[in-house]
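Before any comments, here is the structure.
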Amino acid sequence: MTEILIIIVVGLLGITFWQMSKILKLSQSGKKDDNGVATDADNKTQGKLMLWFAVLFYAFMIYNFWDYSKFYLPEAASKHGVDYDRLMMLSILIIVIVQIVTQFLLHYFSFKYKGEKGKRALFFADNDKLEAVWTIIPVIVLAALIIYGLFTWSDIMNFDEDEDAMVVELYAYQFGWKARYAGSDNTLGKANVRFIKGINTLGLDESDPYAADDKITTELHLPVNKRVIFKFRSQDILHSAYFPFFRAQMNVVPGMITQFSFVPTITSDEMRNSKYMVDKVKEINEIRAENSEELVAKGEMPLDPYEFDYYVLCNKICGISHYNMQMKIIVEEEEDFQAWLAQQQEFGESIKQ
Ligand SMILES: [Cu+2]
């Protein structure tokens, strides 16, 4: 039934365009110059329109930069995030400069060199100098940008394995996350989805002595200024661990372990009390208060005030509750982190019960 309706709609649309083109033709047939060749007056109008298009285009661009600036993330909360942001800003800056110059020339030349009776275009088959200029400049700029990008990439992805780092497993499933800490031996026990049974929901190998002191948690706590090596594992399908405030993202692929490492540099408390976040939270809570009034008027519960926290989010559309697949991250001082970790139950204990 739907297919038939679609065919009818497409057919009707076709008839509409056909009729419109006929009306347009009829309305023009009375004029003197209906031979379809542009006159000087036509060219003048088109030239002016090209200029106006450029002006409106730039105005729209500036407006967008200004209007969307409220969605910019605050300063990166990880060590490598600063390099990442610098690379991003440099790329945007180069693109914007090239765009402004080329778009301006395109529209200005269309206006300046519009067709006029008796005016002939200058023609030359080729010009080696010009070709060299517009080939070599982009090559140099792009090569520099790519090389700089590659260096940044390798700085981020290749870290010093000897550094005093903490290994944490992030385990993804439809629709949530679990974190696994290696315990006092600093080695994660073996795991495989085939071992999933009863309360062993992460599939740890119960016979592996390294697994006994592992700690499985529902919140991700990280000590500030210490390198964390994440090992990602998925129970079911493709997920993606997305840490926007730390400028990090890594696919979580079933059947393999992916890895990423970063050093968090701003604690949750520091970020919460930063000017950026205080203003942002205030704005959000004003909107919430307004919405709450409407809810209360309808006899429903008001909304809780929002408080900032870091989260790891899933960034692959993985099913019906994908939008809510998140885990709180708490970046804190080393001693707070150790105190929290000490309270968490070891895997060996949890399966004994
Ligand atoms: Cu997911």
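Listed values, structure above:
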read-out	value
Cβ charges +1 (Lys, Arg) and -1 (Asp, Glu), total dipole of the stretch 174-273, debye	240 debye
Loop-located trypsin sites (Lys or Arg not before Pro) in the stretch 53-123 whose Cβ has at most 15 other Cβ within 10 Å (DSSP)	Lys117, Lys119, Arg120
Farthest toward positive dipole pole in the stretch 259-334 [+1 Lys/Arg, -1 Asp/Glu at C-beta], among Val281, Gln326, Met301	Gln326
Per-residue [θ]222 nm for the chain (sum of -39500 (n - 2.57) over DSSP H runs n ≥ 4, rounded to 500)	-16000 deg cm²/dmol
For the stretch 320-328, 3J(HN,Hα) per residue [Karplus equation, 6.51 cos²θ - 1.76 cosθ + 1.60, θ = phi - 60°, Hz, x = Gly/Pro]	5, 10, 3, 4, 10, 8, 8, 9, 5
Karplus-derived 3J(HN,Hα), 6.51/-1.76/1.60, for each residue of the stretch 73-86, Hz, glycine and proline x	6, x, 4, 4, 9, 9, 4, 6, x, 5, 5, 4, 5, 5
Note, ³J(HN,Hα) from phi for the stretch 287-298, Karplus 6.51, -1.76, 1.60, rounded to Hz, x at Gly and Pro	5, 4, 4, 4, 5, 4, 4, 4, 5, 4, 4, 7
Selected from Gly81, Gly183, Gly11 as most flexible by GNM, with the chain as the system and alpha-carbon contacts under 10 Å	Gly11
Whole-Å distance, taken between Cα centres, linking the stretch 43-64 and the stretch 106-185	28 Å
Other-chain or far-sequence residues with amide H under 5 Å of Ile237's (modelled H)	Gln174
Of all accessible heavy-atom area on the chain, the percent that carbon and sulfur account for (1.4 Å)	63 percent
Dipole of the chain, positive end: most advanced residue of Phe111, Ala143, Leu87 [Cβ charges, Cα centre]	Phe111
Loop-located trypsin sites (Lys or Arg not before Pro) in the stretch 211-305, at most 10 other Cβ atoms within 10 Å (DSSP)	Lys298
Unsatisfied cross-links (Cα-Cα over 27 Å) in the set Lys48/Lys70; Lys215/Lys275; Lys79/Lys280; Lys231/Lys280; Lys275/Lys328; Lys25/Lys48	Lys48/Lys70; Lys215/Lys275; Lys231/Lys280
The stretch 54-121 - accessible surface per residue (Å², probe 1.4 Å)	77 Å²
Chymotrypsin sites (Phe, Trp or Tyr not before Pro) within the stretch 43-117: DSSP coil, no more than 15 neighbouring Cβ in 10 Å	Tyr72, Tyr113
Length gained when the stretch Gln174-Tyr323 is fully extended (0.36 nm per residue, less Cα-Cα span)	52.5 nm
Extended-chain gain in nm, criterion 0.36 nm per residue less alpha-carbon gap, Met1 and Leu24	4.8 nm
Accessible-area ranking of Met327, Met301, largest first, probe 1.4 Å	Met301, Met327
The chain: angle of helix 128-157 to the longest principal axis, Cα-based, in degrees nearest 10	10 degrees
Segment Gln345-Arg86, extension gain: residue separation times 0.36 nm, minus the distance between their alpha carbons	89.1 nm
Cα-centre dipole for the chain with unit charges at Cβ (Lys and Arg positive, Asp and Glu negative), debye to 20	2500 debye
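The values are calculated or read from the model by the stated rules, or taken from the named source; none is laboratory data. Note that the structure is a prediction, hence the values are computed from the model and not measured. No Cβ is skipped: glycine too gets one built from the backbone with ideal geometry, and neighbour counts run over all protein chains shown. Note: areas computed on protein heavy atoms with side chains; ligands, DNA, RNA excluded. Shrake-Rupley method; radii C 1.70, N 1.55, O 1.52, S 1.80 Å.
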